[in-house]
Every structure is written in C-alpha cells, then in structure tokens.
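The values are calculated or read from the model by the stated rules, or taken from the named source; none is laboratory data. Keep in mind it's a predicted model, so treat the numbers as computed, not measured. Here the Cβ is made from the backbone with ideal geometry for all residues, glycine too, and neighbour counts use every protein chain on show.
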C-alpha cells in the first residue's frame, strides 16, 4: 500500500501528517526533527491537499475540508466522527448532542472517548464539541480548542 508522511508548519506549530492512496490517515503535533515530504502518487497528493487546506483554514479562507480521509476506527468511532463532520463551521455541539444524533442518547461519555481518539482533528472538527461546563480539552495542546473556536467565531 502506498503511503506518505510530511511535516507542515502551521500557526499551531509543526504538524506531522501521514496518508495512504485512500486519503489522510492522521496527524499530530510534530517534534523538532526534520522529515521531508515523502511518498508518491495519491498519498503525496493527499498530503499536499492536507497542507494547502489547513493553511487556508488558518488564514480564514476555508470552512469546509475536501481532502479525502482514510479513517480507521471502531464502527462506533466512525459514526461519531461522521457526525462531527456535520457540525457547521463556527458552531458547537455538546457530547450529549452528538450521542442523540447517532441514536445513542445515553452514550455521551463514550462519544467523548471517540472524540478524543479522532486522528484528524480540525478536518474532523472535534474542537466544535464542548462540555456542559465549558469547552473541555483538546489533545493537541492546552488552549488549542479555544483558539480554534475563536478563529471560527464560535459562541
């Protein structure tokens, strides 16, 4: 299977992303090491689209991502992540809202766990899911969720 990896410099820091020919599989805040773009064909094209779309998002020029994703997770996680992609730019939902939307109204805690395991934050906008007592956490970095919501003008 064709794969690729790259480091992208963004306003949130250096991001390491990886993809297959099916789409972007994940990303994480990267360390200081250098990792030149790698891969070929579709994997490389997906990484280039990932980089361009995230830069446009942070410049306020993009609200909806089109880069293909190759998500891997449990059926429950995939349902949660699909629901997250339905949250409009600049809006938020609670974990309970997501649980109800996927037909599991008593599964807010499990939704929270699935949200926390999202491998492609921002593209699958887990930052738009907030707790009843405030924004809650974001595994990327302290204060990141608040920065992303402020960028989108969310209330």
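Could you check how many residues of region 49-81 are closer than 15 Å to residue 121 by Cβ and without any contact (Cβ under 8 Å) to a residue 12 or more places away in the chain? Counting residues in region 49-81 that are closer than 15 Å to residue 121 by Cβ and without any contact (Cβ under 8 Å) to a residue 12 or more places away in the chain gives 0. Scanning region 92-101 for residues that are touching a residue at least 24 places away in the same chain (Cβ under 8 Å), surrounded by fewer than 21 Cβ atoms within 10 Å (Cβ to Cβ) and in contact with a helix residue (DSSP H, G or I) (Cβ under 7 Å, 6 or more places away or on another chain) turns up 92, 93, 96.
If the requirement is being under 16 Å from residue 128 (Cβ atoms) and touching a strand residue (DSSP E or B) at 6+ places or on another chain (Cβ under 7 Å), which of these qualifies: 84, 62, 69? Walk me through it before giving the result.
Working: 62 fails: touching a strand residue (DSSP E or B) at 6+ places or on another chain (Cβ under 7 Å); 69 fails: under 16 Å from residue 128 (Cβ atoms).
Of 84, 62, 69, the one residue that is under 16 Å from residue 128 (Cβ atoms) and touching a strand residue (DSSP E or B) at 6+ places or on another chain (Cβ under 7 Å) is 84.
Of everything in region 2-51 that's over 16 Å from the mean Cα position of the chain (by Cα) and on the phi > 0 side of the Ramachandran plot, which residue is modelled with the lowest pLDDT? Among those residues, the one meeting the criterion is 39.
Restricting attention to region 80-118, which residues are closer than 21 Å to residue 152 by Cβ and outside any helix (DSSP H, G or I)? Correct list: 85, 86, 87, 88, 89, 90, 91, 92, 93, 94, 118.
State whether one or more residues within region 120-127 are more than 12 Å from the chain's Cα centre (by Cα) and either surrounded by fewer than 16 Cβ atoms within 10 Å (Cβ to Cβ) or within 26 Å of residue 55 (Cβ to Cβ) (or both).
no
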